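Note sheet for the following structure.
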Amino acid sequence: MKPKLNPEIGLWYKDSENDVSFQVVAIEDTDESIEVQYFNGDIGEFELDSWYNSKISLIEAPEDWSAPFGGIDADDLGYSDPDTHQDYNEEAPLKDYDN
């Protein structure tokens, strides 16, 4: 028998019974509930008992995981583009190669 998967804030999961992907955004110990945000942006909640009785699996974050949050600038995603880009309309210097 497969062990039950514990919810972790920030990780993405798939409920295969309902064919929906979501991210856990909060775990409330006081009322034993798990708040999730679905990929389409809707907010939902699992009771702890229903979480453990559902067919939930851990998945990779979707390629555009920021879509449900709308209006996030690329700078706010926690990474930056380390590549430097050259304007290819300019003449690039060429080295002389002698054999």
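Every read-out reported here was derived from the displayed coordinates using simple, explicitly stated rules and does not represent laboratory data. Computed from a predicted model, the values in this text were never measured in an experiment. Glycine gets a Cβ as well: all are built from the backbone with ideal geometry, and neighbour counts include every protein chain shown.
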Test: residue in the stretch 26-47 that is among the small types (Gly, Ala, Ser), exposed (fewer than 15 other Cβ atoms within 10 Å of the Cβ), touching a Pro at 6+ places or on another chain (Cβ under 9 Å) and assigned to a loop (DSSP other than H, G, I, E, B) = yes
Of the residues in the stretch 1-25, those that are in contact (Cβ under 8 Å) with a residue 40 or more places away in the chain, under 14 Å from Ala61 (Cβ atoms) and not in a strand (DSSP E or B) come to Leu11
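Within the stretch 19-42, how many residues are in contact with a strand residue (DSSP E or B) (Cβ under 6 Å, 6 or more places away or on another chain) and not aliphatic (A, V, I, L, M)? Reasoning before the result, please.
Filtering the stretch 19-42 for residues in contact with a strand residue (DSSP E or B) (Cβ under 6 Å, 6 or more places away or on another chain) gives 20-27, 33-39.
From what is left, the residues that are not aliphatic (A, V, I, L, M) are 21-23, 33, 35, 37-39.
Residues in the stretch 19-42 being in contact with a strand residue (DSSP E or B) (Cβ under 6 Å, 6 or more places away or on another chain) and not aliphatic (A, V, I, L, M): 8 in total.
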Return the pairs, sorted by first residue and then second, in which the second residue is assigned to a loop (DSSP other than H, G, I, E, B), the first residue lies in the stretch 51-63 and is free of Cβ contacts under 8 Å to residues at least 40 places away in the same chain, the beta carbons are less than 8 Å apart, and the residues are 6+ apart or on different chains.
-> Ser54/Glu17
